[in-house]
Amino acid sequence: MGVMRIFFSGLAMVAVAAISGCATGGPGSYVPLNTSVNGVEDHALVVVVDSRLQYSVACPAIEERATPDGRLEVTARLRDREDRPQTVKVDCIFKDARGHRVGKYAPAQLMTLNVNVPAAVHFVADSSAARYTVRICSGE
């Protein structure tokens with residue numbers, strides 16, 4: 001008799017759980033929180049990946065143009081705002097109009113930025129890219 005009571009009480013708990021479904025605490029659907037925190041690369045033309053470089057490297061100008069064969073060409077001008085030279089890695093992610101990466105991934109270019117001397121870094125897409133993001137990170 002004890003086994004039957006345990007069986008039926010367990011069956012009753014499973015039935016109640018199945019009937020109740022998901023309890024949301026309120027009506028409607030919810031959007032995910034903090035969706036824009038890590039989405040900077042979806043919207044910005046230049047991102048600094050390392051927080052240490054955020055205040056020490058500037059990109060005062062970006063030039064973009066189409067090559068004669070229609071590919072996107074990007075030149076980013078970088079400036080070191082520290083009182084010492086810095087080594088940085090710079091790469092460019094080319095994207096289609098919807099923001100999806102296109103073409104093969106080009107290796108990062110290693111550059112040494114001298115104090116208050118502008119330096120240019122140049123990238124050319126190998127496919128029909130419409131957008132891009134230049135990424136800067138520490139080269140040390």
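Do the conditions hold for residue 76, that is, is it among the small types (Gly, Ala, Ser) and buried (at least 18 other Cβ atoms within 10 Å of the Cβ)? Let's see the steps before the verdict.
Details: among the small types (Gly, Ala, Ser): yes; buried (at least 18 other Cβ atoms within 10 Å of the Cβ): yes.
So residue 76 passes the test.
Say whether the condition of being in contact with a Pro (Cβ under 8 Å, 6 or more places away or on another chain), assigned to a loop (DSSP other than H, G, I, E, B) and over 16 Å from residue 64 (Cα atoms) is met by at least one residue in the range 103-110.
Filtering the range 103-110 for residues in contact with a Pro (Cβ under 8 Å, 6 or more places away or on another chain) gives none.
Scanning the range 103-110 turns up no residue that is in contact with a Pro (Cβ under 8 Å, 6 or more places away or on another chain), assigned to a loop (DSSP other than H, G, I, E, B) and over 16 Å from residue 64 (Cα atoms).
One line per residue, one yes/no per condition, for (1) hydrophobic (A, V, I, L, M, F, W, C); (2) open to solvent by less than 100 Å² (accessible area, probe 1.4 Å); (3) at pLDDT 90 or above:
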| site | (1), (2), (3) |
| --- | --- |
| 7 | yes, no, no |
| 22 | yes, no, no |
| 25 | no, yes, no |
| 28 | no, yes, no |
| 36 | no, yes, no |
| 41 | no, yes, no |
| 55 | no, no, no |
| 85 | no, yes, yes |
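Might you check whether a residue that is at pLDDT 90 or above and open to solvent by less than 30 Å² (accessible area, probe 1.4 Å) occurs anywhere in the range 96-110?
no
Could you look through the range 111-136, keep only residues that are farther than 19 Å from residue 68 by Cα and open to solvent by less than 40 Å² (accessible area, probe 1.4 Å), and pick out the one that is nearest to the chain's Cα centre (by Cα)?
Kept after step one, since they are farther than 19 Å from residue 68 by Cα, are these residues of the range 111-136: 111-121, 133-136.
With the extra rule that they be open to solvent by less than 40 Å² (accessible area, probe 1.4 Å), the set shrinks to 111, 113, 119, 121, 133-134, 136.
Details: 111: 22, 113: 24, 119: 24, 121: 20, 133: 9, 134: 11, 136: 12 Å.
It comes out as 133.
Six or more apart or on different chains, Cβ under 7 Å: which pairs go from a residue in the range 78-107 that's free of Cβ contacts under 8 Å to residues at least 40 places away in the same chain and under 17 Å from residue 131 (Cβ atoms) to one that's open to solvent by 20 Å² or more (accessible area, probe 1.4 Å) and β-branched (Val, Ile, Thr)? Could you list them?
Correct list of pairs: 94/102; 95/102; 96/102; 101/93.
Checking residue 65 against (1) over 20 Å from the mean Cα position of the chain (by Cα); (2) open to solvent by less than 90 Å² (accessible area, probe 1.4 Å), which test does it fail?
Result: residue 65 fails condition (2) only.
Determine, yes or no, whether residue 127 is small (Gly, Ala, Ser) and more than 23 Å from residue 40 (Cβ to Cβ).
Yes, satisfied.
The values are calculated or read from the model by the stated rules, or taken from the named source; none is laboratory data. What you see is a predicted model, and the numbers here were worked out from it, not measured in a lab. Because the Cβ atoms are built from the backbone with ideal geometry, glycine has one as well, and the counts that use them run over all protein chains shown. Protein only, heavy atoms only, side chains kept; ligands, DNA and RNA dropped before computing areas. Shrake-Rupley method; radii C 1.70, N 1.55, O 1.52, S 1.80 Å.
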